[in-house]
1. Could you sort 29-42, 93-106 so that the peptide with the highest average Cβ count within 10 Å comes first and the rest follow in order?
2. Work out, step by step, the length gained on full extension between N25 and Q99: first 0.36 nm times the residue separation, then minus their alpha carbon distance; give nm to one decimal.
3. Taking 0.36 nm per residue of sequence separation and subtracting the Cα-Cα distance, how much length would be gained by fully extending the chain between V85 and D117, in nm to one decimal?
4. If you rank F88, F57 by fewest surrounding Cβ atoms within 10 Å, what's the result?
5. For S60 and R110, calculate 0.36 nm times their separation in residues minus their Cα-Cα distance, and state this gained length in nm to one decimal.
6. Under the classification rounded if a/c is under 1.5, otherwise prolate if a/b is larger than b/c and oblate if not, where does region 5-71 fall, given a ≥ b ≥ c as square roots of the Cα gyration tensor eigenvalues?
Amino acid sequence: MGESMGERIKYLRLLANMSQEELGNRVGVQRAAINKYEKGSVTNIPIATIEKIANTFDVSPIYLVGWDNVEINPLSAEVKVLQGVKQFYGGEVIEIIEQYMHLNSIGKKRVLQYIEDMSMIYTDGDKLTDLEVDSKQEVIIYKD
């Protein structure tokens, strides 16, 4: 990982799978400012902005400016994302993700297709609209 503050900001942003615009929105600056921070063309970043960026990625401002060489564990970032998903959507979503991760590529495609089909069925007040489910065959038959 790079040593400059800009490289650290970019590293953390990419690790969080976040765009420059998303980071800018979170800390209250324009995308162009984040771009300049990452490139190192702006070195006098306001302290308040450094603190907001550090808080966004749950690191210390000291680490961000390069005074501390603490390594960031990508797994801890993933755990925090999953905790946020669980808090926002509930534990069932985490269970779905865990089960999905055990599937091969064919199984994953089938799950996504099934979810798409189910969302088409249950989009109008939990009642069938343009589709009919054939429970014996466990397939969805589209009505014309």
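1. 29-42, 93-106
2. That works out to 23.3 nm of additional length.
3. 9.2 nm
4. Fewest-to-most Cβ neighbours within 10 Å comes out as F88, F57.
5. Once the chain is fully extended between S60 and R110, it gains 13.7 nm.
6. Note, shape of region 5-71 comes out rounded.
Each reported figure results from applying straightforward, stated rules to the coordinates on display, with no laboratory input. Fair warning: this is a prediction, and the values are worked out from it, not measured in the lab. For neighbour counting, all protein chains shown are included, and Cβ atoms are generated from backbone atoms with ideal geometry for every residue, glycine included.
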